[in-house]
Amino acid sequence: MMPIPGHGLAKGLAVTLRTMTRRSHTAQYPEVQPELPPRSRGVIGLFEENCTVCMLCARECPDWCIYIDSHKETVPASTPGGRERSRNVLDRFAIDFSLCMYCGICIEVCPFDALFWSPEFEYAETDIHELTHERDKLREWMWTVPAPPALDPAAEEPKELAAARKAADKAEAAAAAAAAPSPAPAAGTGTGTGTDATPPAGTTPAPGTTPAPPAGTERAPDPGPAPGPERPDDPAGGTA
């Protein structure tokens with residue numbers, strides 16, 4: 001079906017007239033702060049205690065706007081005779097927000113949760129060189145990161161929590177079993193009165209009794225009565 005000539009113009013004028021009849025709403029910024037979505041990408045905060053200087057965020061950044069410097073320190077052995085270890089110490093962590101395109105790849109690839117999104121966006125500068133924020137400034141943004149949303153009550157328990165709970169229950173069960181008193185041996189255990197009773201260790205079995213074989217061995221079968229001497233055949237062909 002061919003469109004009616006002037007259909008698009010009439011539709012655009014209808015939108016214009018409908019908008020003209022509404023009352024305009026002006027946001028009084030900066031006196032009134034805007035209500036941002038919870039996942040707004042304003043600025044990146046650094047929690048440097050979690051940073052291990054793995055350089056993964058700097059390698060994966062498509063804009064190469066993350067600068068990291070570090071040095072190695074020797075950690076003495078924690079036990080006598082142990083081996084000394086070395087660890088990386090963070091010297092510099094800076095992000096150039098004049099180059100950052102807010103893709104969030106650095107936050108996604110961080111394996112130790114050292115980078116987070118903050119909804120703060122008021123960090124404009126008059127000089128472009130001042131948009132390179134060092135780790136002290138990034139740490140200040142960290143305290144503006146909102147708390148994560150609560151988990152769904154019907155959701156499945158995370159594997160990490162399930163494994164930790166299982167290990168804790170196993171340790172509690174082992175501790176309870178170790179603290180429980182051991183049961184006393186029953187009267188007459190191992191010292192029966194029958195002929196096959198096992199005598200206590202270090203004693204000689206009484207005369208006329210058969211000592212029991214050691215545990216884990218099988219008793220030889222009873223050979224039965226010893227066979228008597230064979231009689232000679234009867235001259236008549238019979239047997240006596």
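When Asn88 is tested against (1) modelled with pLDDT under 95; (2) more than 25 Å from the chain's Cα centre (by Cα), just one condition goes unmet, and that condition is (2).
Here the range 36-62 is the region considered, the condition is being in contact with an Asp or Glu (Cβ under 8 Å, 6 or more places away or on another chain) and assigned to a loop (DSSP other than H, G, I, E, B), and the residue that is modelled with the lowest pLDDT is Gly42.
Filtered by the rule that a residue be surrounded by 12 or more Cβ atoms within 10 Å (Cβ to Cβ) and hydroxyl-bearing (Ser, Thr, Tyr), the range 108-133 gives Ser118, Tyr123, Thr132. Residues in the range 123-156 that are charged (D, E, K, R), touching a strand residue (DSSP E or B) at 6+ places or on another chain (Cβ under 9 Å) and assigned to a loop (DSSP other than H, G, I, E, B): Glu134 alone.
Just one residue in the set Arg92, Arg22 is of a type in the set (D, E, K, R), surrounded by 10 or more Cβ atoms within 10 Å (Cβ to Cβ) and out of contact with any Gly (no Cβ under 7 Å at 6 or more places or on another chain); that residue is Arg92. Within the range 140-147, is even one residue surrounded by 13 or more Cβ atoms within 10 Å (Cβ to Cβ) and of a type in the set (Phe, Trp, Tyr)? Yes, the conditions are met somewhere in the range 140-147.
Put simply, of Thr16, Thr52 the only residue that is exposed (fewer than 14 other Cβ atoms within 10 Å of the Cβ) and of a type in the set (S, T, N, Q) is Thr16. Scanning the range 24-83 for residues that are more than 23 Å from Glu140 (Cα to Cα) and hydrophobic (A, V, I, L, M, F, W, C) yields Ala27, Val75, Ala77. Any idea which residue in the range 25-43 is surrounded by the fewest Cβ atoms within 10 Å (Cβ to Cβ), counting only those that are of a type in the set (Val, Ile, Thr) and out of contact with any strand residue (DSSP E or B) (no Cβ under 6 Å at 6 or more places or on another chain)? Of everything passing the filter in the range 25-43, Thr26 is surrounded by the fewest Cβ atoms within 10 Å (Cβ to Cβ).
Residues that are within 23 Å of Cys65 (Cβ to Cβ) and either touching a Ser or Thr at 6+ places or on another chain (Cβ under 7 Å) or of a type in the set (Asp, Glu) (or both) within the range 138-156 comprise Glu140, Trp141, Thr144, Val145, listed in sequence order.
Of all residues in the range 95-121, those satisfying the criterion of being part of a strand (DSSP E or B) and either out of contact with any helix residue (DSSP H, G or I) (no Cβ under 9 Å at 6 or more places or on another chain) or under 21 Å from Asp69 (Cβ atoms) (or both) are Ile95, Asp96, Leu115.
The values are calculated or read from the model by the stated rules, or taken from the named source; none is laboratory data. Only a predicted model underlies this, so the values are computations on that prediction, with no experimental measurement involved. Cβ sites come from the backbone with ideal geometry, for glycine too, and all protein chains shown count toward neighbours.
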